[in-house]
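Participant: Pasting a structure below so you can have a look.
Every read-out reported here was derived from the displayed coordinates using simple, explicitly stated rules and does not represent laboratory data. The structure displayed is predicted, hence computed values, not measured ones. Because the Cβ atoms are built from the backbone with ideal geometry, glycine has one as well, and the counts that use them run over all protein chains shown.
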Amino acid sequence: MTAMGKDLELGKDLIGLEDLSREQILGILDTAEPFKEISERKIKKVPVLRGQTIVNLFFEPSTRTRISFEFAEKRLSADTVNISSSGSSVQKGETLVDTARNLEAMRIHMVVVRHGSSGAARFLADRIPSNVINAGDGQHAHPTQALLDLLTIRDRFGAIEGRRVCIVGDIKHSRVARSNVTGFLKCGAEVAVCGPRTLIPAGIEDLGVQVFGRVEEAIEWCDVLYVLRLQLERMQGGYVPSLREYNRVFGVTSRRLESAADDMIVLHPGPMNRGVEIDSDVADGPRSVILPQVTNGVAVRMAVLYLLAGGRPELAESAKGRMP
């Protein structure tokens, strides 16, 4: 472990990377490293969270994030309960606070929450004593996605500092983009964004972020091309003329990648719209690290759960040997 060692403290909750220092972010990545090995073993389990009850409270549909958290929880031997808005009392008018208080009455330890409203995770965390992990709230933040992206970049290049990262797509509405810009900047990367002007937030340059109007320029500049999903629901708002036009102007194609540096990599948070923001031969090609992102997602979420439960980074290494 290289960052902060036994002194790493995250506080009660993980709501957004803006709440964390550079050292805390790197400490989470360091803690995730030994948890990767657990996922490669025949028996993918350690007992470090045995007896802990974790509720996955998802008010929005999710596949990757929910399953990744569930894998992480089960590999740490926690008891897991999944609750979605469909089929729950939420559909009958129960509020977020009512749901939380009922869960607290069941003596849970942690809540992983995804919600369509920005600020919902903080709202919940301020009202219950259990640890709260934000799995995506509105257009605000998705901290564990940014952490797994940082880990994936560090795996490939050895360090994040000094790397040039460009995020392409719908920056305006993306919680992934917001968390990643924060994380990349805190870890010393140069950051740029690229997309239609209608999908670039006004004043983003004030954060120290460069703006490219053409994806070809972005590709020539960057070490890491981070392709965002074009949210099809935004088509109704007139932000882009059509899917075909978006692909023609901003789609990441193998032809456009011919001008990229030899070691440039492509990331995508999923799910992908193949043939819209990214072509299949890029998503499945040699530059793609999309599947390593998924693998790293489980390790990062194991690290976050472990640290919020009071685990120390240096003990994560010894946890590898607790079960055959």
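Participant: I'm trying to understand the selection: among the residues of segment 32-47, which are hydrophobic (A, V, I, L, M, F, W, C), touching a Lys or Arg at 6+ places or on another chain (Cβ under 7 Å) and in a loop (DSSP other than H, G, I, E, B)? Before the answer, list the steps.
Facilitator: Of segment 32-47, the ones hydrophobic (A, V, I, L, M, F, W, C) are 32, 35, 38, 43, 46.
Now restrict to residues that are touching a Lys or Arg at 6+ places or on another chain (Cβ under 7 Å): 38, 46.
Listed by number, the list holds a single entry, V46.
Participant: When you scan segment 234-246, do you find a residue that is among the β-branched types (V, I, T) and either within 24 Å of R164 (Cβ to Cβ) or in a helix (DSSP H, G or I) (or both), even just one?
Facilitator: no
Participant: Scan segment 128-165 residue by residue and report those that are farther than 21 Å from I265 by Cβ, of a type in the set (A, V, I, L, M) and touching a residue at least 60 places away in the same chain (Cβ under 8 Å).
Facilitator: Residues satisfying the conditions are V132, I133, A135, A141.
Participant: Among the numbered criteria (1) surrounded by 20 or more Cβ atoms within 10 Å (Cβ to Cβ); (2) touching a residue at least 40 places away in the same chain (Cβ under 8 Å); (3) under 24 Å from V282 (Cα atoms), which single criterion is violated by G183?
Facilitator: Result: G183 passes all but (3).
Participant: May I pose another question? Among the residues of segment 57-85 satisfying the criterion of being under 16 Å from the mean Cα position of the chain (by Cα) and without any contact (Cβ under 8 Å) to a residue 60 or more places away in the chain, which is surrounded by the most Cβ atoms within 10 Å (Cβ to Cβ)? Working first, answer last.
Facilitator: Step one: of segment 57-85, the residues under 16 Å from the mean Cα position of the chain (by Cα) are 58, 60-72.
In the following step, the residues that additionally are without any contact (Cβ under 8 Å) to a residue 60 or more places away in the chain were identified as 61, 67, 70.
Values: P61: 10, I67: 15, E70: 18.
Here the residue is E70.
Participant: Still on this structure, please answer the following. Collect the residues in segment 122-138 that are under 17 Å from N180 (Cβ atoms) and crowded, with 18+ Cβ neighbours inside 10 Å, keeping them in residue-number order.
Facilitator: Result: N134, A135, G136, D137.
Participant: Right, next: Among the residues that make up segment 92-108, is at least one of them under 16 Å from V224 (Cα atoms) and polar (S, T, N, Q)? Show your work before the answer.
Facilitator: Looking only at segment 92-108, we keep the residues that are under 16 Å from V224 (Cα atoms), and these are none.
Within segment 92-108, not a single residue is under 16 Å from V224 (Cα atoms) and polar (S, T, N, Q).
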